[in-house]
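All remarks here apply to the structure that follows.
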Amino acid sequence: MSNFETWLAALPNNAATGLARADGVWEQVRSQTLPRREVLDETVTALGMDVEAAWDGVIAGGTLGIVLGLALVQRGWRILVVERGALQGRSQEWNSSRLELRELVSLGLLTPAELEEAIASEYNPVRIKFDGGKDYWVRDVLNVGISPAKLLSVLKKKFLAAGGILWEKTAFESATVHPDGVSLILKKLGSRAPVGAGGQGSADAYRSIGDSDKNSDEVSQFEQIQTRLFIDAMGHFSPVVRQVRGETKPDGICLVVGTCAVGNEGEFGKNDTADLIATTGPITGNKKSAYQYFWEAFPASSGRTTYMFTYVDASRDRPTLKQLFADYYDQMPAYQGLEGNPDELWRSLEVKRALFGMFPSYKNSPLSAPCDRLIFVGDSSGCQSPLSFGGFAALLRHLPRLTDGIHSALTSEKLDKKSLNELQPYQPNLSVTWLFQQSMSVKPGDTPNPQGINILLDRVFGEMAIAGESIIKPFLQDVVQFPALSVALMRTAFADPLMVTILVPRLGLPALTTWMRHYLSLGAYDVLDRTLGQLKSDDNFRLQQWQAAWRYGSGRDYHS
Ligand SMILES: Cc1cc2nc3c(=O)[nH]c(=O)nc-3n(C[C@H](O)[C@H](O)[C@H](O)COP(=O)(O)OP(=O)(O)OC[C@H]3O[C@@H](n4cnc5c(N)ncnc54)[C@H](O)[C@@H]3O)c2cc1C
C-alpha cells in the first residue's frame, strides 16, 4: 500500500468508500452506462384532482429545495418538501459572498441576525494567481463561508413554522403529468412517519403525520399524492434529469477533490486569506487526456479548506477522482507553502474531512421541462456556469426571480410547459462562459503549450484587474456582463494579439461561431433590459418573465 493509499484509508467518515462510489458514478458517466429509468410520463386523461386538497407544489430534494420551499410557503402556498435522506446540511461550508447571501434576508427567509448566525467564516482579500504570473487581489468575492448545517436547520424550522410540510426519508419514485395535476409516487424509506390520508396541504395533515409516527408500520411503503406543480430539486443526478437528458453526455465536467484540515499555527497556510483560483504548474496528463489543475483555498471554521479541481470532458481516458486525490496529496502541501516531504507534512496535519465531487454541465442549460407542471430548480436545472461549483450561490442569485415567477405561475394557473420554461429561460451570460471553460481545458489529443492556460488566464485577469472592480468582480461572481466582457476582450486582444491568434485555432471555428452568437445575444439582452426592461409589467406574466430573462440573461441583475 502506498503512503497515499494508507492516508486515504484513514480519512474520517469512511471517505475512501465514498470516493470509490463517486468514481463508480464518474465511470458510468464516461461510459454512458448511468442507470436510467422512466420516472416521468404524461397522459391526456384528467386526474380529477381536488384542487382544495392537493398540494400547490411538491419539491423533491430538500437541500436547496427547502430554500425555495420556505420562500413559497411564505407567499401562502401549500408546499410539501420530500427528501430521500434526513434534511440536514453538510458540515463543510459553502463559500459565497454577502452580495448573494443578502437575498436570504431581502426575501424575508432569514433575519439579519439569523444570517450572521449561519456565517461560519469571513475573510478578505481573496487572491487570483496563475503559475508564473502576478498576484491579483479582490475583496468581497467568495469571502464568506456559510454553514449549510446551520442554514438548513433554521430554514427547516421556519418552513415548518410557516405551515410547510417536510417528509424526510421519503424518495420520489415517479410522476405522471395529467392535464389538471401531477400524480406522484413516493417511497417511504426507513421509519419516516406516514402521510395522513387527505388534506395534504393543510396544517391538519402536518399534525396527522406527527401523530401517526407511532403506527408507521401500518402504512404501505409507497404513497400516491397529487400536486398542481412538481419541482425537481434532486441535484445533478436527479432521476428526472437523467430521463430528460437521456443518452446525452455532459459537455463538460468539473472534477473536484480536497480536504478541510488543521495544522499548527503558521504551519498550514496563513489562514486569514483565500485563493479564489490559483495554479501552481503547467498542463499535466498525457496526449490522450491532458488537463490543467486549479486550486482554491479558504479559511474554514474548523481549519483550512483546499480544493484542487480541473475542467475536462467526459471522454473515457479522463482521470478518476482517486487519481486526482493522489495528485492532490502530493501537491497540496507545496501549494500551501509547506516545505518538505508530502508524507511527513500530511502526518502533521489533521484532516477533518475529505471533499470531492463532480459537476456535470451541459450546453443545453438551463434545462427545459418536457411537459407541463414541472420545473427544475438548483443543480438539476443546470443554471450555474460550467466554470463554477457554486450551486448554492447560483440558486441565491436566481431566488427572487424564481420565487416571483413560480408565485405568478401558481396564481394565474400558468402551469403549462411554455410558461414554466420561461422561468428557466436561455441566458446568454451563462452560454458565453462555455468558451472560457473550453479555453481552460484541453481536448483529447491536443498538445498545447504546457503553460498556455496559465499565460492566457494571467493576461485576461491582468487586463480585467487594470480595468477595475466593476469589470472583474461580476465576472468572478459568475455574472458575465456585455460591457465588462467587451472591455476585457478588447484589452486582451490589444495587449497580446499573438496570444489571440494562437487561441483561435485551438478553440476552433465552430466553437467561436457559436460563442459569437451568444455574445451578440448578450449585447441584445443588455439593450432590451435597458429599454423594454423598464416597462411596467403589472400582471402580464409573459412580459414579467421576458423582463426577468433580459435582466438575468444580461447579468444586469448584479447591481440591482
Ligand atoms: C466538494 C463540493 C464543494 C462545494 N462548494 C460549494 C461552495 O463553496 N459554494 C456553493 O455555492 N456551492 C458549493 N457546492 C455545490 C453545492 O453543494 C450544490 O450546488 C448544492 O448542494 C446543490 O443542491 P441541490 O439541492 O440542487 O442538489 P444536491 O445537493 O444534489 O441535493 C439533492 C437533494 O435531493 C435529494 N434527493 C435525491 N434523489 C432523491 C429522490 N429520489 N427523492 C427525494 N430526494 C432525493 C438528495 O438527498 C439531496 O438532499 C459544493 C459541492 C461540492 C460537492
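Just a few scattered comments:
- Being under 22 Å from residue 462 (Cα atoms) and either of a type in the set (Ser, Thr, Tyr) or touching a Phe, Trp or Tyr at 6+ places or on another chain (Cβ under 8 Å) (or both) is a description that applies to residue 310.
- Evaluating residue 165 against the criteria (1) under 28 Å from residue 276 (Cα atoms); (2) among the hydrophobic types (A, V, I, L, M, F, W, C); (3) buried (at least 19 other Cβ atoms within 10 Å of the Cβ) leaves one unmet condition, (1).
- Looking only at residues in the stretch 224-263 that are more than 12 Å from the ligand (Cβ to nearest atom), assigned to a loop (DSSP other than H, G, I, E, B) and touching a Ser or Thr at 6+ places or on another chain (Cβ under 7 Å), the one that is nearest to residue 339 (Cα to Cα) is 263.
- Residue that is out of contact with any Leu (no Cβ under 6 Å at 6 or more places or on another chain), within 16 Å of the ligand (Cβ to nearest atom) and β-branched (Val, Ile, Thr), where the choices are 447, 403: 403
- Note on the stretch 31-75: residues that are in a loop (DSSP other than H, G, I, E, B) and more than 16 Å from the ligand (Cβ to nearest atom) amount to 16.
- Cβ-Cβ under 7 Å pairs, at least 6 apart or on other chains, the stretch 168-181 side at positive phi, far side of a type in the set (Gly, Ala, Ser) and within 7 Å of the ligand (Cβ to nearest atom): 169/85
- Residue within the stretch 352-375 that is in contact with a Pro (Cβ under 9 Å, 6 or more places away or on another chain), over 25 Å from residue 240 (Cα atoms) and more than 15 Å from the ligand (Cβ to nearest atom) present: no
- Selection of the stretch 462-480 for residues being of a type outside the set (A, V, I, L, M, F, W, C), at negative phi and buried (at least 19 other Cβ atoms within 10 Å of the Cβ) yields 462, 463, 473, 474, 477.
- One residue from 352, 363 being touching an Asp or Glu at 6+ places or on another chain (Cβ under 8 Å), more than 17 Å from residue 64 (Cα to Cα) and basic (Lys, Arg): 363
- Among (1) away from the ligand (no atom under 16 Å from the Cβ); (2) closer than 18 Å to residue 255 by Cα; (3) touching a strand residue (DSSP E or B) at 6+ places or on another chain (Cβ under 6 Å), the one test that residue 380 misses: (1)
- Whichever residue in the stretch 303-321 is under 27 Å from residue 149 (Cα atoms) and touching an Asp or Glu at 6+ places or on another chain (Cβ under 9 Å) and, among such residues, is nearest to the ligand (Cβ to nearest atom): 307
- Qualifying helices (runs of 4 or more DSSP H) (wholly inside the stretch 383-433; at least 2 residues being farther than 16 Å from residue 548 by Cα): 391-411
- Selection count where residues are more than 27 Å from residue 296 (Cβ to Cβ), within 13 Å of the ligand (Cβ to nearest atom) and not in a loop (DSSP other than H, G, I, E, B), scope the stretch 76-111: 3
- Filter pass, residue 118 being outside the structural domain of residue 331 (by TED's automatic domain parsing) and surrounded by 19 or more Cβ atoms within 10 Å (Cβ to Cβ): yes
- Pick from the stretch 112-145, criterion in contact (Cβ under 8 Å) with a residue 24 or more places away in the chain and aromatic (Phe, Trp, Tyr), ranking: nearest to residue 298 (Cα to Cα): 123
- If you filter the stretch 217-257 down to residues that are charged (D, E, K, R) and closer than 28 Å to residue 190 by Cα, you find that the one that is surrounded by the most Cβ atoms within 10 Å (Cβ to Cβ) is 232.
- Check on residue 492, in a helix (DSSP H, G or I), more than 27 Å from the chain's Cα centre (by Cα) and not aliphatic (A, V, I, L, M): yes
The values are calculated or read from the model by the stated rules, or taken from the named source; none is laboratory data. Model, not experiment: these values are computed from the prediction. Cβ sites come from the backbone with ideal geometry, for glycine too, and all protein chains shown count toward neighbours.
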